[in-house]
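Working notes for the structure below.
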Amino acid sequence: MAMMTGEQYEASLRKLNLQVYQFGKKVENVVDDPIIRPSMNAVKLTYELAHQPEYEDLMTATSHISGKKINRFTHIHQSTDDLVKKTKMGRLLGSLTGCCFQRCVGMDAMNALSIVTYDIDQKLGTEYNKRFLKYLAYVQENDLTCDGAMTDPKGDRSLPPHKQPDPDMFLHVVEEKEDGIVVRGAKAHQTGAVNSHEIIVMPTISMREADAEYAVSFALPADAEGITYIMGRQSCDTRKLEAGKIDRGNSLFGGHEALVVFDDVFVPWERVFMYKEFEFAGQLVENFASYHRQSYACKAGVGDVLIGATQTIAEYNGAAKASHVKDKIIEMNHLNETLFCGSVACACEGGKQPSGTYLVNTLLANVCKQNVTRFPYEIARLAQDIAGGLMVTLPSEDDFKSPEVGEWLTKYYKTCEGISTENRNRMLRLIENITLGTAAVGYLTESMHGAGSPQAQRIMISRQVNMAQKQKAAKQLCGIKEEE
Amino acid sequence: MVFVGLKYCGGCTPRYDRVEFVSRLKEKIAKHVRLVSYDDPRAEHVLVVVGCESACAETEPFKDKTVHLASQEEDLERMAETLIMLDNGNNT
Ligand SMILES: Cc1cc2nc3c(=O)[nH]c(=O)nc-3n(C[C@H](O)[C@H](O)[C@H](O)COP(=O)(O)OP(=O)(O)OC[C@H]3O[C@@H](n4cnc5c(N)ncnc54)[C@H](O)[C@@H]3O)c2cc1C
Ligand code: SF4
């Protein structure tokens, strides 16, 4: 198959037998569920664009295994050029969907595993890399979407896995069999989980020997027996159940996250990529996190949409020529392009690992993500400043259609000559969607916590800067001799 | 009539509408040039349309062909002339 079309992707999801719960009920038809559907549309776009000449240069790559053209989301980066194209693909998709398109996490998990399985084998003589490459070939050949499942519920944050009162707070091995292992636990906040064919599990923190049973990585079909998905709800989610589309803001796309429960799930050995090698858990976490911190170029893409919406609403309101408005929009662009700079920089400065995979510059990836934890909030603040209060006090689409009050709304919410009140409403709803509705999950809170909360990057930054070199430079310039 | 392969960059942050550029170009060159897929063996020339000066489209596969690069809206007239010349060249 090599590359699925959007239609083929949708059809492939229909064949899965996922156990999904939402609002306390089992979802019988996941693909057509009105709350989930926009998130499926966003993943579907990653398949569609790969077939469009004007996007395929970013959306596809050449497999280093088969030599075939594949979707870049299944690719292992073979050069810094590949890393830069990954950054650009994220920005492109963010700008076309205005939301989280979910497919990066699996790509980042596979790239991290391509490095770490190799390194484990080199040190311990295991054969994880061979297994992993076989699995990768399967993913590439079938153009699968993979959920990258790292985050455990973690229970009491002050305790390591083996000291948790409930041992299942971190996913762990509960039984070893001849043909595989049995695992129990859960993964929280799983982006795009129910739009995925596969789930790739990794440990969530560095571990010591006492936590060895928690140091486990593997991949399973998303509908493997014993896996259950419980959908997270997003602010304003039930607007997707309404007949009108204006109040949704983004009428086409969305994201989703879910809690994924593994209730004694069997994993065959050929799909196990780490088994109790606790000393490599930290490396896997750091490599995955670095790739994913680069992936947040997607936020610059969503920022493009928000800036476009803000400029438009300023024009609709008749405020676009005010100097402070112009200046605020310049500031939004400045912040947004700075986000992009970080992602491009860590890609350009990436390097080849012993496995042959290219890894981003991890210091710059952490700097990139640290900016991501802040700038989208400021961009959102400026968007709300320029949009005006109506963004949160606007009556519903049904009120605009009401024979009793609709005319008043159309009359009193009119702005400049030639501007349609309905278009103004649409734009306000889009800004609401990104800054405090369903898409704010991805644009704001995920910017904060996704790929690790801000403190995680600060720790990495402090570890990775060469402080001795900086001190030496300072001492040299002011005449301090090293031996003094 | 000559066949010219068409290749786009991936379009992350284009400074102009690349697809519209190509459709306007197609109109101008319709009598002389047919734009085909870049891997069409009939095409000895490839038009590469990129969205900005980074010009990051993959051109390695075209190293044995002649590449014509358009990177801004202003390239329209020049590119139309260049491509039409290919056909005139063929006729003479
Ligand atoms: C929208 C969204 C999508 C996501 N998608 C995915 C996904 O697809 N896959 C995936 O694996 N994960 C995903 N994540 C999870 C993400 O990586 C985590 O949210 C992040 O690691 C923080 O974990 P937490 O949410 O449990 O917060 P917590 O760990 O509870 O952090 C809350 C605060 O407590 C602090 N803190 C926590 N523990 C300690 C400690 N021991 N010492 C000192 N301070 C501490 C943190 O620094 C932070 O300030 C997603 C998250 C979000 C919000
Ligand atoms: S938040 Fe961004 S990087 Fe993460 S999965 Fe969504 S689009 Fe990809």
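The values are calculated or read from the model by the stated rules, or taken from the named source; none is laboratory data. Small disclaimer: the values here were computed from a predicted structure and weren't measured. Quick reminder, even Gly has a Cβ in these numbers, built from the backbone with ideal geometry, and neighbours come from all protein chains shown. Ligands, DNA and RNA are excluded from the accessible area calculation, which covers all protein heavy atoms including side chains. Shrake-Rupley method; radii C 1.70, N 1.55, O 1.52, S 1.80 Å.
Overview of results
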| item | result |
| --- | --- |
| For chain A: rounded, prolate or oblate by the Cα gyration tensor [a/c cutoff 1.5] | oblate |
| Residues of the range A:413-438 with amide N under 14 Å of a point placed 7 Å along Cα→Cβ from residue A:245 | A:426-427, A:430 |
| Distance violations [Cα-Cα > 27 Å] among A:299/B:26; A:299/A:470; A:44/A:86; B:26/B:63; A:130/A:352; A:44/A:69 | A:299/B:26; A:299/A:470 |
| Surface per residue (accessible, 1.4 Å probe) for the range A:247-362, Å² | 35 Å² |
| Shape call, chain B: gyration tensor on alpha carbons, a/c limit 1.5 | oblate |
| Normalised contact order of the range A:310-391, rounded percent, pairs of Cα under 8 Å and 6 or more residues apart | 33 percent |
| Rounded to whole Hz, the Karplus (6.51, -1.76, 1.60) HN-Hα couplings of the range A:375-388, x for glycine and proline | 4, x, 5, 6, 4, 5, 4, 5, 4, 5, 4, 6, 5, x |
| Sequence-distant residues sharing a close amide H with residue A:190 (under 5 Å, placed H) | A:258, A:259, A:260 |
| Per-peptide average of other Cβ atoms within 10 Å, ordering A:397-410, A:2-15, A:137-150 highest first | A:137-150, A:2-15, A:397-410 |
| Which of A:325, A:305 is most accessible, then next, and so on - probe 1.4 Å | A:305, A:325 |
| Trypsin sites (Lys or Arg not before Pro) lying in DSSP loop within the range B:1-62, provided at most 11 other Cβ fall within 10 Å | B:31, B:42 |
| Net charge dipole size for the range A:6-280 [Lys, Arg +1 and Asp, Glu -1 on Cβ; Debye, nearest 20] | 820 debye |
| Residue mean of other protein chain beta carbons inside 10 Å, B:1-11 | 4 |
| Accessible surface, the range B:2-91, averaged per residue in Å² (probe 1.4 Å) | 54 Å² |
| Relative contact order (%) - the range A:293-465, alpha-carbon pairs under 8 angstrom, separation at least six | 30 percent |
| Antiparallel content of DSSP bridges confined to the protein assembly as shown, in %, to 5 | 60 percent |
| Charged-residue dipole, Cβ positions (Lys, Arg, Asp, Glu), the range B:2-91 about Cα centre, Debye nearest 20 | 220 debye |
| Positive minus negative residues near residue A:167 (Lys, Arg vs Asp, Glu; Cβ under 12 Å) | -3 |
| Cα gyration tensor, the range A:6-280 - rounded (a/c under 1.5), prolate or oblate | oblate |
| Accessible surface, 1.4 Å probe, highest first, among residues A:197, B:45 | B:45, A:197 |
| Whole-number percent relative contact order across chain A, with pairs defined as alpha carbons under 8 Å at least 6 apart | 18 percent |
| Share of carbon and sulfur in the accessible heavy-atom surface of the range A:293-465 [1.4 Å probe, %] | 55 percent |
| Rough spin-label spacing in nm, given labels placed 7 Å along Cα→Cβ, for residue A:407 and residue A:182 | 7.2 nm |
| Assigned charges on the beta-carbon of Lys, Arg, Asp, Glu; chain A dipole about Cα centre (debye) | 1160 debye |
| Share antiparallel - DSSP beta bridges, chain B, percent rounded to 5 | 0 percent |
| Two-site FRET efficiency, residue A:138 against residue B:3, from Cβ-Cβ distance with R₀ of 51 Å, rounded to 0.05 | 0.85 |
| Per-residue HN-Hα couplings for the range A:186-197 [Karplus 6.51, -1.76, 1.60; θ = phi - 60°; Hz; x = Gly/Pro] | 8, 10, 9, 6, 6, 5, x, 3, 8, 9, 9, 8 |
| Residue A:423-residue B:52 pseudo-label distance in nm [points 7 Å out on the Cα-to-Cβ vector] | 2.7 nm |
| Dipole of the range A:1-129, positive direction: furthest Cα of A:110, A:11, A:62, with charges on the beta-carbon | A:11 |
| Chain lengthening between residue A:279 and residue A:469 when straightened (0.36 nm per residue, less Cα-Cα) | 65.5 nm |
| Point-to-point label distance, residue A:65-residue A:264, nm (Cα→Cβ direction, 7 Å offset) | 3.3 nm |
| Accessible area of the range A:367-412 divided out per residue, in Å², using a probe of 1.4 angstrom | 53 Å² |
| Size of the B/A contact, given as accessible area buried on both chains, probe 1.4 Å, in Å² | 1100 Å² |
